[in-house]
């Protein structure tokens, strides 16, 4: 099928929104459509469309009374939520980087990343190492340039310098590829999680969410592609749902942002008992309507659960 939709002017976009039932000041619509864009904002008003009829995929009509400033309010909230989540994931990432680097280098030396025996798959290790080498080659960071000027062998700087150039996604893949289960289990305990398997799954989810935040994507009302692993010690806080799998229905953590926020809260508390993240997050969410909270997977009794009472 050939794509044939033409670009539209801001005036045409405003006219289309009004035609579909959006209410509000046109000056406000114009300012936000110009500065944020129709496509980005559409992710926030799609949930307010009426159900489609018959074989239609969308009704393209808004629920009666929908105000444009309601969309703006949710968008601003989502931006604040992204900033908080980005801050929390940054702290987890830095802790992972520090803990894994220290434990791996003590076990395999300063250049552990060059030692293929320290990783599970030779081919996978070679691919990760090649990508890291290219990044180091193009880096102008002071520690990297210092290493180039002073040393010729090995050709790459030590692990604690190299890991600083890894993205969170790359770091999580290096961790997953680490051969020694004792190192991985110790790092999991360092970060407040019960096992290396749980940490690997949690890192995959957090790296996915980190990418959403980095591209200014929507967290509100989003179902994530990846799910948080079931973490028994967090069971009083997690929201669990039935998921259809190849072997039938299984109970798994729901794939909305709430469960990820539970994990982040416990991981940050493990690092620092006096972290202000849970209180700041709870205050932000508490100010939203029950419908907005449910759109993020929050249970109705979330404030009574252990994670948010402490």
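Structure data summary
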{"item": "Qualifying positions in the stretch 117-130 - touching a residue at least 60 places away in the same chain (Cβ under 8 Å) and surrounded by fewer than 18 Cβ atoms within 10 Å (Cβ to Cβ)", "result": "117"}
{"item": "Long-range neighbours under 7 Å by Cβ, at least six apart or interchain, first residue assigned by TED's automatic domain parsing to the domain that holds residue 168 and within 15 Å of residue 113 (Cβ to Cβ) within the stretch 91-103, second at pLDDT 95 or above and surrounded by fewer than 18 Cβ atoms within 10 Å (Cβ to Cβ)", "result": "101/160; 103/186"}
{"item": "Residue check for residue 22: in contact with a strand residue (DSSP E or B) (Cβ under 7 Å, 6 or more places away or on another chain) and under 22 Å from residue 220 (Cα atoms)", "result": "yes"}
{"item": "Residue within the stretch 60-72 that is surrounded by fewer than 16 Cβ atoms within 10 Å (Cβ to Cβ), without any contact (Cβ under 8 Å) to a residue 24 or more places away in the chain and in a helix (DSSP H, G or I) present", "result": "no"}
{"item": "Conditions (1) surrounded by 17 or more Cβ atoms within 10 Å (Cβ to Cβ); (2) assigned by TED's automatic domain parsing to the domain that holds residue 262; (3) under 22 Å from the mean Cα position of the chain (by Cα); number of the one not met by residue 114", "result": "(3)"}
{"item": "Given (1) closer than 29 Å to residue 281 by Cα; (2) at pLDDT below 95, number of the condition residue 76 does not satisfy", "result": "(2)"}
{"item": "Test set (1) over 17 Å from residue 291 (Cα atoms); (2) assigned by TED's automatic domain parsing to the domain that holds residue 23; (3) modelled with pLDDT of 95 or more - residue 53 fails condition number", "result": "(3)"}
{"item": "Residue in the stretch 33-47 that is without any contact (Cβ under 8 Å) to a residue 12 or more places away in the chain, more than 29 Å from residue 282 (Cα to Cα), in the same structural domain as residue 165 (by TED's automatic domain parsing) and not in a loop (DSSP other than H, G, I, E, B) present", "result": "no"}
{"item": "Test result for residue 182, farther than 30 Å from residue 38 by Cβ and either modelled with pLDDT under 95 or surrounded by fewer than 15 Cβ atoms within 10 Å (Cβ to Cβ) (or both)", "result": "yes"}
{"item": "Single match in 97, 135, 149, 103 (criterion: out of contact with any helix residue (DSSP H, G or I) (no Cβ under 7 Å at 6 or more places or on another chain) and assigned to a helix (DSSP H, G or I))", "result": "149"}
{"item": "Elements of type helices (runs of 4 or more DSSP H) contained in the stretch 216-297, each with 3 or more residues being assigned by TED's automatic domain parsing to the domain that holds residue 91, surrounded by 11 or more Cβ atoms within 10 Å (Cβ to Cβ) and free of Cβ contacts under 8 Å to residues at least 60 places away in the same chain", "result": "257-271, 277-286"}
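The values are calculated or read from the model by the stated rules, or taken from the named source; none is laboratory data. Values in this document were obtained by computation on a predicted structure and should not be read as measured data. In this analysis, Cβ positions are derived from the backbone assuming ideal geometry, glycine residues included, and neighbour counts consider all displayed protein chains.
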